[in-house]
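So the structure is just underneath, and the comments pick up after that.
Read-outs throughout are calculated quantities, based only on the coordinates presented, and are distinct from any laboratory measurement. Nothing here was measured: the structure is a model prediction, and the numbers come from that model. A quick note on method: Cβ atoms are made from the backbone with ideal geometry, for glycine too, and the neighbour counts reach across all protein chains shown.
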């Protein structure tokens, strides 16, 4: 991730979905530091409305959340926007979650969020021309 994501190409567009305002705002701020264009949705209905009217490169959502599970939300997003990549944030990442993630075509990212893991997940999710830039910020971000 040597060059800035916005040099010679568009900033990756990410939608952050969380019913936790602290997590939502913190993740959007962190993604902005990584030169991504991050928008926030406070629940599934808001996210679906945004997905119906806009295109996103990646949707970030919490696996365990109020209402429908992250798995259910990921399946709905996959049907509505098949080209959009999905990152699920979770406190646990057991073997069953990894198997299910592989079958669903989503990536799991551990919380609290560790910057190197987040940037690695974004690297995998985004085409190389849209990778977020590396940035000299703290290596551990306390978002959960």
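Things worth noting here:
- By average C-beta atoms within 10 angstrom, highest first, the peptides 111-124, 12-25: 12-25, 111-124
- The stretch 70-114: translational diffusion in µm²/s, Stokes-Einstein, Kirkwood Rh over Cα pairs, 37 °C, 0.692 mPa s: 303 µm²/s
- Neighbour-count order for 27, 80, fewest beta carbons within 10 angstrom listed first: 80, 27
- Sorted largest first, extent of the stretch 13-63 alpha carbons per principal axis (Å): 27, 22, 15
- Each 10 Å bin, from zero up to the one with the longest distance, holds this percent of the alpha carbon pairs of the stretch 13-130: 14, 53, 32, 1.
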